[in-house]
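The values are calculated or read from the model by the stated rules, or taken from the named source; none is laboratory data. This one's a predicted model, so the numbers in the text were calculated from it and none came from an experiment. Cβ coordinates were reconstructed from backbone atoms using ideal geometry, including for glycine residues, and neighbour counts include every protein chain displayed. Surface accessibility is based on the protein's heavy atoms, side chains included, excluding ligands, DNA and RNA. Shrake-Rupley method; radii C 1.70, N 1.55, O 1.52, S 1.80 Å.
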Amino acid sequence: MEELHPEHDRRWWILAVLCLSLVMIIVGNTVLNVALPTLVRELDASSTELQWIVDIYALVFAGLLLTAGALGDRFGRKGALTVGLTIFGAGSGLAAFATSPIQLVATRAIMGLGAALVMPATLSILTTVFPPRERARAIAVWAGFAGAGAAIGPIAGGYLLQHFWWGSVFLVNLPVIAIALVAGNRIVPRSSDPRHVPLDPVGAGLSIVGLGTLLYAIIEAPTHGWAAPTTVLTGAVAIVILALFGAWELRSSHPMLDLRLFRNPRLSAASSAIMLVFFAMFGTFFLFTQYLQLVKGYTALGAGLRTLPVALTLMVVAPLSARLVERFGPRRVVSGGLTVVAGGLALLSTCSAATSYPQLAVSLMVLAAGMALSMAPATTSIMASLPQGKAGVGSAVNDTTRELGGALGVAVLGSLASSHYASGLAPALRGLSAPLAAQARSSLGGALGVAGKLGGERGLQLADAARTSFVDAMGTALVVASVVALLAAVVVGRFLPAQSPVHAAPAPRQAAGSFGNGPSGALAPGAGPDVDGDEAAAMAADQAARAGALEP
């Protein structure tokens, strides 16, 4: 019987440390959303400054993901995790005691840098310490915690703001980071790419600038307008830089990300699925949290608690997705999950101001179940499509598609809802002064503020009209999101290989010290009938080399 690396006896404890680190990174971002009104009062932050406090994290995070993943592969993933946690903790501590919006923007950028190192490291370490036969289930658990973190953030933020000062939403990260650092130092093994491929500084620089510029264009488009010269110019610059990145990577002898790998339908289809799932998820929650607070009238904590079914469903269903993939294959499970996502969005699109919470909860659970079914197998497919030595870059590809999809979801669905809202509210604004009408058109919160200033019957009529217009606009945006999810299901059903990348054809018996255990040895990822002989051989050889990439 082949022996596992001694550290792998504790692989499920290692997964616990990785999930703890992952949840902290995600909660550290989403926890801020409910604190924005407080920052206006405490730091006198303008709407532009609030936008940058939120957006700078995503800009730095997404822009550095590919480079951070490549650095982890080259110099060690455990080191990347440790350094990332330390940087994130330092940024969190500084953010908690910021005295101005500018300081908070700077400290959030530091947190984004730390997060860019942590997130790819968690998934790449996972794929290193788990044997192929268990990897899909471990990734499913990882994906469940990743999704749950987005829902836990508003709950934690609402509770902290109700009981402590605003800086507590950042300071709470420090004890969690301490636990993750101590536990990770003791049980997480060192790993890296055994081939010691030279770095690709030109590719890294182009990816940072290109992705950062693209994300900036997407984030700013709703403010300036999609057809505004600033948006068009920024988007064009991003496309040119990313095209240069692609040309460089195709010609480089040691590319950071070999773009030819995207010819593999498993990688391209799974990446598309992840992007579109997060397009729907982030766009939906951006609108739905406003619906809960401004239409239903819940407090920040109350709204956060009412999204708890999302977190619970993700944590329960995501681990089950691996068993479904074993039985039905990734194509059916991911495509079916996206169809369920479309159904959940369709249910949410029927909500009105009078919709009961049980109906909302059922709709959220259907949506979360579909996300859980699609995210984990798609992530597994992405990781199985890349050589094991590039696990950090593979994780970064997965994370980058999430960030870009989420940013697009907020921008596109938010813009669509905003346009529909302003159009529907127009009749109720007749007779108002131009400044008040502009404020009411800007957002539902703005309209409710104007209604409060007007008071009396006129104020009540405007508030009712604004809520009705917002609900109608949200319904339209969610219908569009549902259609996008259905299109994603069709794409996955057409292009994602049916065979599981992990539970495919058995690979030849490997040398002792490889990751398989049991008499039959390991199963080579990607060795199924949908993978050509050269790719299967490369993956098998790469897997055999993995023992050399690990150090105690």
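So that you can scan it fast, the table gives a plain yes or no per residue for (1) open to solvent by 10 Å² or more (accessible area, probe 1.4 Å); (2) farther than 21 Å from residue 88 by Cβ; (3) β-branched (Val, Ile, Thr):
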| residue | (1), (2), (3) |
| --- | --- |
| 129 | no, yes, yes |
| 135 | yes, yes, no |
| 140 | no, yes, no |
| 147 | no, no, no |
| 152 | yes, no, yes |
| 163 | yes, yes, no |
| 169 | no, no, yes |
| 185 | yes, no, no |
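Within segment 58-87, can you find the residues that are surrounded by fewer than 24 Cβ atoms within 10 Å (Cβ to Cβ) and among the hydroxyl-bearing types (Ser, Thr, Tyr)?
The answer is 82, 86.
Restrict the check to segment 100-120 and report whether at least one residue is more than 24 Å from residue 143 (Cβ to Cβ), free of Cβ contacts under 8 Å to residues at least 24 places away in the same chain and within 19 Å of the chain's Cα centre (by Cα).
Checking segment 100-120: at least one residue is more than 24 Å from residue 143 (Cβ to Cβ), free of Cβ contacts under 8 Å to residues at least 24 places away in the same chain and within 19 Å of the chain's Cα centre (by Cα).
Counting only residues that are within 19 Å of residue 295 (Cα to Cα) and of a type in the set (A, V, I, L, M), which one in segment 430-449 is surrounded by the fewest Cβ atoms within 10 Å (Cβ to Cβ)?
448
For segment 48-81, how many residues meet the condition of being touching a Pro at 6+ places or on another chain (Cβ under 7 Å) and polar (S, T, N, Q)?
Of the residues in segment 48-81, 0 are touching a Pro at 6+ places or on another chain (Cβ under 7 Å) and polar (S, T, N, Q).
Hey, can you tell me all the residues within segment 324-349 that are free of Cβ contacts under 8 Å to residues at least 12 places away in the same chain and among the basic types (Lys, Arg)?
The one that is free of Cβ contacts under 8 Å to residues at least 12 places away in the same chain and among the basic types (Lys, Arg): 327.
What is the number of the single condition among (1) open to solvent by less than 70 Å² (accessible area, probe 1.4 Å); (2) closer than 22 Å to residue 413 by Cβ that residue 365 does not meet?
Only one criterion in (1) open to solvent by less than 70 Å² (accessible area, probe 1.4 Å); (2) closer than 22 Å to residue 413 by Cβ is unmet by residue 365, namely (1).
Please enumerate the residues belonging to segment 225-235 that are over 25 Å from the mean Cα position of the chain (by Cα) and assigned to a helix (DSSP H, G or I).
The answer is 229, 230, 232, 233.
Please enumerate the residues belonging to segment 123-153 that are in a helix (DSSP H, G or I) and under 18 Å from residue 190 (Cβ atoms).
123, 124, 125, 126, 127, 128, 129, listed by residue number.
Output the number of residues of segment 289-300 satisfying the condition of being touching a Lys or Arg at 6+ places or on another chain (Cβ under 8 Å) and either assigned to a helix (DSSP H, G or I) or crowded, with 21+ Cβ neighbours inside 10 Å (or both).
Count: 3.
Tell me, yes or no, whether segment 116-126 has at least one residue that is touching a Leu at 6+ places or on another chain (Cβ under 7 Å) and surrounded by fewer than 24 Cβ atoms within 10 Å (Cβ to Cβ).
Checked against the condition, which is being touching a Leu at 6+ places or on another chain (Cβ under 7 Å) and surrounded by fewer than 24 Cβ atoms within 10 Å (Cβ to Cβ), segment 116-126 yields no hits at all.
Just need a number here: residues in segment 465-497 that are among the β-branched types (Val, Ile, Thr) and touching a Cys at 6+ places or on another chain (Cβ under 8 Å).
Of the residues in that region, 1 qualify.
Take segment 94-105 and flag every residue that is out of contact with any helix residue (DSSP H, G or I) (no Cβ under 6 Å at 6 or more places or on another chain) and either open to solvent by less than 50 Å² (accessible area, probe 1.4 Å) or over 19 Å from residue 40 (Cβ atoms) (or both).
Passing the criteria: only 100.
Which members of segment 214-257 meet the condition of being open to solvent by less than 50 Å² (accessible area, probe 1.4 Å) and in contact (Cβ under 8 Å) with a residue 60 or more places away in the chain?
Within segment 214-257, 214, 215, 218, 219, 221, 256, 257 meet the criteria.
State all residues of segment 444-487 that are β-branched (Val, Ile, Thr) and farther than 21 Å from residue 282 by Cα; if no residue qualifies, say none.
Selection gives 450, 468.
Starting from segment 72-94, keep only residues that are closer than 13 Å to residue 190 by Cα, then list their pairs with residues that are open to solvent by 10 Å² or more (accessible area, probe 1.4 Å) and among the basic types (Lys, Arg) whose Cβ atoms are within a distance under 9 Å, requiring at least 6 positions of separation or different chains.
Close Cβ pairs (under 9 Å, with a partner that is open to solvent by 10 Å² or more (accessible area, probe 1.4 Å) and among the basic types (Lys, Arg)) amount to 72/78; 73/390; 76/190; 77/190; 78/190; 79/190.
Could we say that residue 467 is in contact (Cβ under 8 Å) with a residue 60 or more places away in the chain, of a type in the set (D, E, K, R), within 17 Å of residue 290 (Cα to Cα) and part of a helix (DSSP H, G or I) here?
The answer is yes for residue 467.
Pairs, please: C-beta under 6 Å, at least 6 apart or cross-chain, first residue touching a residue at least 24 places away in the same chain (Cβ under 8 Å) and more than 11 Å from residue 156 (Cβ to Cβ) and in segment 15-30, second assigned to a helix (DSSP H, G or I) and polar (S, T, N, Q)?
The qualifying pairs are 18/122; 21/122; 22/122.
Exactly one of (1) open to solvent by less than 10 Å² (accessible area, probe 1.4 Å); (2) within 27 Å of residue 400 (Cβ to Cβ) is unmet by residue 303. Its number?
All conditions pass for residue 303, except number (2).
Within segment 202-220, is even one residue under 24 Å from residue 112 (Cα atoms) and part of a loop (DSSP other than H, G, I, E, B)?
No, segment 202-220 has no match at all.
Since residue 286 meets every condition but one in (1) under 22 Å from residue 59 (Cβ atoms); (2) within 20 Å of the chain's Cα centre (by Cα); (3) open to solvent by less than 10 Å² (accessible area, probe 1.4 Å), which condition does it not meet?
(3)
Look through segment 309-330, keep the residues that are in contact with a Leu (Cβ under 9 Å, 6 or more places away or on another chain) and of a type in the set (A, V, I, L, M, F, W, C), and return whichever of them is nearest to residue 35 (Cα to Cα).
Here the answer is 310.
Counting only residues that are more than 26 Å from residue 350 (Cβ to Cβ) and surrounded by fewer than 16 Cβ atoms within 10 Å (Cβ to Cβ), how many does segment 450-475 have?
7
If you take the residues of segment 1-19 that are of a type in the set (A, V, I, L, M, F, W, C), surrounded by fewer than 18 Cβ atoms within 10 Å (Cβ to Cβ) and part of a helix (DSSP H, G or I), which of them is modelled with the lowest pLDDT?
Of everything passing the filter in segment 1-19, 12 is modelled with the lowest pLDDT.
If you go through segment 340-362, how many residues are open to solvent by 10 Å² or more (accessible area, probe 1.4 Å) and either in a helix (DSSP H, G or I) or within 23 Å of residue 328 (Cβ to Cβ) (or both)?
9
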